[in-house]
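Worksheet: the structure to be examined is printed underneath.
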Amino acid sequence: MSIDTAEHSENRSKANGQQILQVGPVNPAVAAALADEFGALRLPEGAEREDFLEQHADGVRIAVCSGRVGVDTELMRQLPNLEVIVNFGVGYDATDVAQANERGIAISNTPDVLTDCVADTALALYLDVLRGTSAADRFVRRGEWARIPSFPLTVRASGRKVGILGLGRIGKAIAARLEGFGCEIHYHNRRPVEGSPYTYQSSPAELASAVEVLVIAAAGGPESAGLVNADVLEKLGPDGYLVNIARGSVVDEPELIAALQEGRLAGAGLDVFANEPHVPAELMALDNVVLLPHVGSGTRETRADMAALTLHNLRSYLRDSTLVTPIS
Ligand code: DGY
C-alpha cells in the first residue's frame, strides 16, 4: 500500500543510516541489521541524549523501536522530519499515535506472525491459573508434598464460560483454542464481529457478568485504558478468573490487587503489568496469581519472524515509501 505521494519518494528512497534512528533496545537480529546493513544511528540514553538529538534530530526520517519503548510524545516532537515508525511488536501503544496521525507519520507493526504464540501463552495462563500448576510446582519444590498428602483441589478448566475482551486476531485464536476445551465463548469488542459464532456482550461489565473467566486480548492505548475496572472485577466475582496477555494498562491494577487480596476474585494469570518490569509486591505474594515477564510472543521462531517482518517494513519503506504491514 502506498503511504506517500511521489513528491518526496525520491529523497526518501535515498535514506541512509543517518536518517534511521534506533530508539531503545530492539531484537538482536534487528539491531544487528540496523548497525551492519544500514549503519543506523542509535539514540543514546542519559546525559548524551540531548546533544545527540541536537546534532542528528533534523536528519532522522525513520525510527525503529520495540513496542515496549515506542516513540513517545516528547521524542516525536524532537524529530521534526520523522516520516515513519517501524515498530517491532503488534502493540504500539508506547508510541504517541495521535501525534503521528496529526503529522502524517506512518507506523508499521508486526501482526499475524505472533498470533499463535500469544494465544498459546494465554492458554498456558488459563490452564495454570485454573488448575494451579505453578502453585502445585512450588508446593512440590518446597517439599510440602511429603508432609501434606494432597494439594488443594482446583477448578475444572474444560467447559467453562469464557469471555474474550477484544476479538481481534489474537482474541479469535484464543477463542479457537478454548473451543477445543469445550468452552462457551462470549466476547466484547468495539463492535460485534460479523459472522462470529460467539456471543456478543455490549460492555466489559456485561461480558464479565456472563462468564467465569475473562481473557483480555484488547489492544493497549488510551481507548482501552482502565477498561477492566472495579465494576468489571466485581461482576466477574469471587469465583471468577482474569487472564491478561494484552497490556497492563487495560486493567486497573490497584483494583485488581485489592480484589485478589480480599477474595473478591479467584485468581489471575498475567503476562503484562501497568509499569513493566515492575511487578507489584502484593501480586508476588499471592499464590493464586500466575506471573509471566511479558513473554506472549517469546519463542525463537516467532521472534525471528517478527524481526524479519520489521526489516521487511524498513527495506520496503527505503525502497519505495511503502510499508508491508502499516497499522490500520
Ligand atoms: C506485542 O507484540 O505487542 C506483544 O506484547 C507480544 O507479547
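The values are calculated or read from the model by the stated rules, or taken from the named source; none is laboratory data. Predicted model, so just to flag it, every value in this text is computed and none were measured. Here Cβ is always computed from backbone atoms with ideal geometry, including for glycine, and neighbour counts include all displayed protein chains. With ligands, DNA and RNA removed, areas are computed over all heavy atoms of the protein, side chains included. Shrake-Rupley method; radii C 1.70, N 1.55, O 1.52, S 1.80 Å.
Here is a check on your reading of the model: is residue 147 away from the ligand (no atom under 16 Å from the Cβ), assigned to a helix (DSSP H, G or I) and either open to solvent by 60 Å² or more (accessible area, probe 1.4 Å) or in contact with a Lys or Arg (Cβ under 6 Å, 6 or more places away or on another chain) (or both)?
no
Show me the helices (runs of 4 or more DSSP H) found entirely inside the stretch 229-328 where at least 1 residues are within 16 Å of the ligand (Cβ to nearest atom) and open to solvent by less than 10 Å² (accessible area, probe 1.4 Å). Explain how you work it out, then say what you get.
Details: elements: 230-236, 253-261, 281-284, 300-320.
The qualifying helices (runs of 4 or more DSSP H) are 300-320.
Can you work out which of the residues in the stretch 132-144 that are among the small types (Gly, Ala, Ser) and in contact with a helix residue (DSSP H, G or I) (Cβ under 9 Å, 6 or more places away or on another chain) is most open to solvent (accessible area, probe 1.4 Å)?
The first filter runs over the stretch 132-144 and keeps only residues among the small types (Gly, Ala, Ser), leaving 132, 134-136, 143.
Going one step further and asking which of them are in contact with a helix residue (DSSP H, G or I) (Cβ under 9 Å, 6 or more places away or on another chain), we end up with 132, 134-135.
Numbers: 132: 12, 134: 37, 135: 11 Å².
Among residues in the stretch 132-144 that are among the small types (Gly, Ala, Ser) and in contact with a helix residue (DSSP H, G or I) (Cβ under 9 Å, 6 or more places away or on another chain), the one most open to solvent (accessible area, probe 1.4 Å) is 134.
Test residue 86 against the stated conditions and say whether it is assigned to a loop (DSSP other than H, G, I, E, B) and modelled with pLDDT of 95 or more.
The answer is no for residue 86.
Spot the failing condition for residue 219; the list is (1) open to solvent by 70 Å² or more (accessible area, probe 1.4 Å); (2) away from the ligand (no atom under 13 Å from the Cβ); (3) assigned to a loop (DSSP other than H, G, I, E, B), and only one is missed.
For residue 219, the exception is condition (2).
Only residues in the stretch 199-214 that are of a type in the set (Phe, Trp, Tyr) count as the first member; pair them with residues that are in a loop (DSSP other than H, G, I, E, B), Cβ under 6 angstrom, at least 6 apart or cross-chain, and list the lot.
Listed by first residue and then by second, the contacts come to 200/192.
Take the conditions in the same structural domain as residue 172 (by TED's automatic domain parsing), surrounded by 21 or more Cβ atoms within 10 Å (Cβ to Cβ) and touching a residue at least 24 places away in the same chain (Cβ under 8 Å) and apply them to residue 225. Does it pass?
Spelling it out, it is not the case that residue 225 is in the same structural domain as residue 172 (by TED's automatic domain parsing), surrounded by 21 or more Cβ atoms within 10 Å (Cβ to Cβ) and touching a residue at least 24 places away in the same chain (Cβ under 8 Å).
So how many residues does the stretch 99-123 have that are more than 10 Å from the ligand (Cβ to nearest atom) and either in a loop (DSSP other than H, G, I, E, B) or free of Cβ contacts under 8 Å to residues at least 24 places away in the same chain (or both)?
5
With 84, 129 as the choices, which residue is open to solvent by less than 20 Å² (accessible area, probe 1.4 Å), more than 13 Å from the ligand (Cβ to nearest atom) and closer than 27 Å to residue 214 by Cβ?
129
Taking the criterion of being closer than 19 Å to residue 124 by Cβ and among the aromatic types (Phe, Trp, Tyr), would at least one residue in the stretch 192-199 satisfy it?
Scanning the stretch 192-199 turns up no residue that is closer than 19 Å to residue 124 by Cβ and among the aromatic types (Phe, Trp, Tyr).
If you check residue 78 against the conditions, is it more than 16 Å from the ligand (Cβ to nearest atom) and open to solvent by 20 Å² or more (accessible area, probe 1.4 Å)?
Judged against the criteria, residue 78 is a match.
Answer yes or no: is there a residue in the stretch 46-67 that is within 24 Å of residue 276 (Cβ to Cβ), small (Gly, Ala, Ser) and open to solvent by 50 Å² or more (accessible area, probe 1.4 Å).
Scanning the stretch 46-67 turns up at least one residue that is within 24 Å of residue 276 (Cβ to Cβ), small (Gly, Ala, Ser) and open to solvent by 50 Å² or more (accessible area, probe 1.4 Å).
Mind listing just one residue for me: the one in the stretch 87-126 that is in the same structural domain as residue 315 (by TED's automatic domain parsing) and among the aromatic types (Phe, Trp, Tyr) and, of those, surrounded by the fewest Cβ atoms within 10 Å (Cβ to Cβ)?
The residue in question is 92.
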